[in-house]
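Would you mind keeping the following structure in view while I ask a few things?
The values are calculated or read from the model by the stated rules, or taken from the named source; none is laboratory data. Predicted model only: the values in this text are computed from it and were never measured. Cβ: placed from backbone, ideal geometry, glycine included. Neighbour counts: every protein chain shown.
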Amino acid sequence: MISVNDFRTGQTVLWNNGIWTVIEFLHVKPGKGAAFVRAKLKNVEKGNVIETTFRGGEKIPSANVEKKEMQYLYKSADRITFMDTSSYEQIEVGEAQVGEQVKYLKEGTNVMVLFFNEKIIGIDIPAHVELKVADTPPGYKGDTAAGNNKPATLETGAQVSVPFFVNIGDIVRIDTRNNQYIDRVKA
């Protein structure tokens, strides 16, 4: 059990029938009344984010989540295969257990796989990935208006909006936290 007064960013707790990671927290001590902690929590399994308040000093159970570096090998139907980089043991999981983040994974990418009670509950992928543009409408001369974008499909199947100057075959850097184009790496 840990006190909400001891929250740290990135800490994992058991709360509200789920496993949650602390994204942000703020200790509030109003002039009148008792102190409380306002926290933003992300559900590790589902990915949804909520904002909630706890009474000051309230105790909640800590979740011991183990992280293990694994390599993404391939996807077949709705099953995803990872390989432990130290023991070379392969693990196959359902796409639902990994979630939306699978759309940023290229074969051979190393990721941190999250385990809770010997069960995979999710993955931590890098904040930025570099992927090749597989399909996008052509950009025409004169299409340089600021703020306008066109849709693009990346080599992994992910959909993202890119500027008009990005063409098929270009390698772009994508922020995996918000699915946003950052810049073009190579043309």
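How many residues are under 21 Å from Val102 (Cα atoms) and surrounded by 17 or more Cβ atoms within 10 Å (Cβ to Cβ) if we restrict to the range 154-164?
Here is the first cut: in the range 154-164, the ones under 21 Å from Val102 (Cα atoms) are 154-162.
Next, from what is left, pick out any that are surrounded by 17 or more Cβ atoms within 10 Å (Cβ to Cβ): 154, 156, 158, 160, 162.
Of the residues in that region, 5 qualify.
Would you check which residues across the range 165-184 are surrounded by 16 or more Cβ atoms within 10 Å (Cβ to Cβ) and either under 30 Å from Asn48 (Cα atoms) or touching a Leu at 6+ places or on another chain (Cβ under 6 Å) (or both) and list them? Before the answer, list the steps.
Applying the first criterion (surrounded by 16 or more Cβ atoms within 10 Å (Cβ to Cβ)) to the range 165-184 yields 166, 170, 172, 174, 176, 181, 184.
Of everything in the range 165-184, those that are surrounded by 16 or more Cβ atoms within 10 Å (Cβ to Cβ) and either under 30 Å from Asn48 (Cα atoms) or touching a Leu at 6+ places or on another chain (Cβ under 6 Å) (or both) turn out to be Val172, Ile174, Thr176, Tyr181, Arg184.
Consider Val37 carefully, then state whether it is β-branched (Val, Ile, Thr), farther than 25 Å from Ile174 by Cα and at pLDDT below 85. Walk me through how you get there before you give the answer.
Values: β-branched (Val, Ile, Thr): yes; farther than 25 Å from Ile174 by Cα: yes; at pLDDT below 85: no.
Judged against the criteria, Val37 is not a match.
Could you tell me which of the residues Val162, Val129, Val166 is touching a Ser or Thr at 6+ places or on another chain (Cβ under 7 Å), at pLDDT below 90, assigned to a loop (DSSP other than H, G, I, E, B) and not acidic (Asp, Glu)? So that I can check it myself, show each step before the final result.
Numbers: Val162 fails: assigned to a loop (DSSP other than H, G, I, E, B); Val129 fails: assigned to a loop (DSSP other than H, G, I, E, B).
So the residue among Val162, Val129, Val166 that is touching a Ser or Thr at 6+ places or on another chain (Cβ under 7 Å), at pLDDT below 90, assigned to a loop (DSSP other than H, G, I, E, B) and not acidic (Asp, Glu) is Val166.
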